[in-house]
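Enquirer: Let me begin by handing over the structure; questions about it come next.
The values are calculated or read from the model by the stated rules, or taken from the named source; none is laboratory data. Source: prediction; values computed, not measured. So basically every Cβ, Gly included, is an ideal-geometry build from the backbone, and we count neighbours across all protein chains shown.
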Amino acid sequence: MVDGKKTIYGGDFIAKYKGISFLFEADIIHASPVDPEDPLFEGTPASFNNGVVNAGGFCSGLNYNWEKIRSVFSLQYEDVNGNDLAPGFEQWLYVAYAYKFDGFRSVLKIEYYKPLKEDAISDPLKYTDEVRIGYQIVF
């Protein structure tokens, strides 16, 4: 939440050919909080931050839908800077496999998340590798 003005620019590109799809998405946030003591300024003086905070990042993904074995293989990379006034940014790698019981209406999915680079200064929760298993059903 920003008490002030916030502008977000974003865009994505998706291409699909046969069973292969590619995604690229980028977002930029430009915020101007009203209060010069707003925590988003990370304690920097107005002469440094000019009353502006920027954030954003991008993600790109590659998927392969192999209909013959009812499976989807996915790879995604994400690079995010949560605040340009705070040191650091984060990079993540995602690898996933999904088995389709009934097309995309009934899917079992396993995902692996790997932090490649973390912003341990402004985000002190030290993330580790993570595995997620889930089942999706559409009704």
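Enquirer: For region 1-49, what are the residues that are farther than 18 Å from Asp79 by Cβ and hydrophobic (A, V, I, L, M, F, W, C)?
Expert: Selection gives Met1, Val2, Ile14, Ala15, Ile20, Ala31, Val34, Leu40, Phe41, Ala46, Phe48.
Enquirer: State all residues of region 1-54 that are under 21 Å from the mean Cα position of the chain (by Cα), over 30 Å from Glu67 (Cα atoms) and of a type outside the set (A, V, I, L, M, F, W, C); if no residue qualifies, say none.
Expert: Lys6, Thr7, Tyr9, Gly10, Asp27, His30, Asn54
Enquirer: Identify all residues within region 47-72 that are surrounded by 11 or more Cβ atoms within 10 Å (Cβ to Cβ), farther than 30 Å from Ile110 by Cβ and of a type outside the set (S, T, N, Q); write none if there are none.
Expert: Gly51, Val52, Val53, Ala55
Enquirer: Looking at (1) surrounded by fewer than 16 Cβ atoms within 10 Å (Cβ to Cβ); (2) part of a helix (DSSP H, G or I); (3) not acidic (Asp, Glu), which is the one condition that is false for Leu40?
Expert: Status for Leu40: all satisfied but (1).
Enquirer: Within region 21-37, is there a residue that is among the small types (Gly, Ala, Ser) and either exposed (fewer than 13 other Cβ atoms within 10 Å of the Cβ) or free of Cβ contacts under 8 Å to residues at least 12 places away in the same chain (or both)?
Expert: No, every residue in region 21-37 fails to be among the small types (Gly, Ala, Ser) and either exposed (fewer than 13 other Cβ atoms within 10 Å of the Cβ) or free of Cβ contacts under 8 Å to residues at least 12 places away in the same chain (or both).
Enquirer: Within region 21-47, track down each residue that is in contact with a helix residue (DSSP H, G or I) (Cβ under 7 Å, 6 or more places away or on another chain) and not small (Gly, Ala, Ser).
Expert: Pro33, Pro36, Phe41
Enquirer: Return the pair list, or none, for Cβ contacts closer than 7 Å from residues in region 79-93 that are surrounded by 16 or more Cβ atoms within 10 Å (Cβ to Cβ) to residues that are of a type in the set (Val, Ile, Thr) and part of a loop (DSSP other than H, G, I, E, B), at least 6 apart or on different chains.
Expert: Final answer for the pair search is Leu85/Thr44; Ala86/Ile121.
Enquirer: If we keep just the residues of region 1-56 that are of a type in the set (Asp, Glu) and at pLDDT 90 or above, which is farthest from Asp84 (Cα to Cα)?
Expert: My answer is Asp12.
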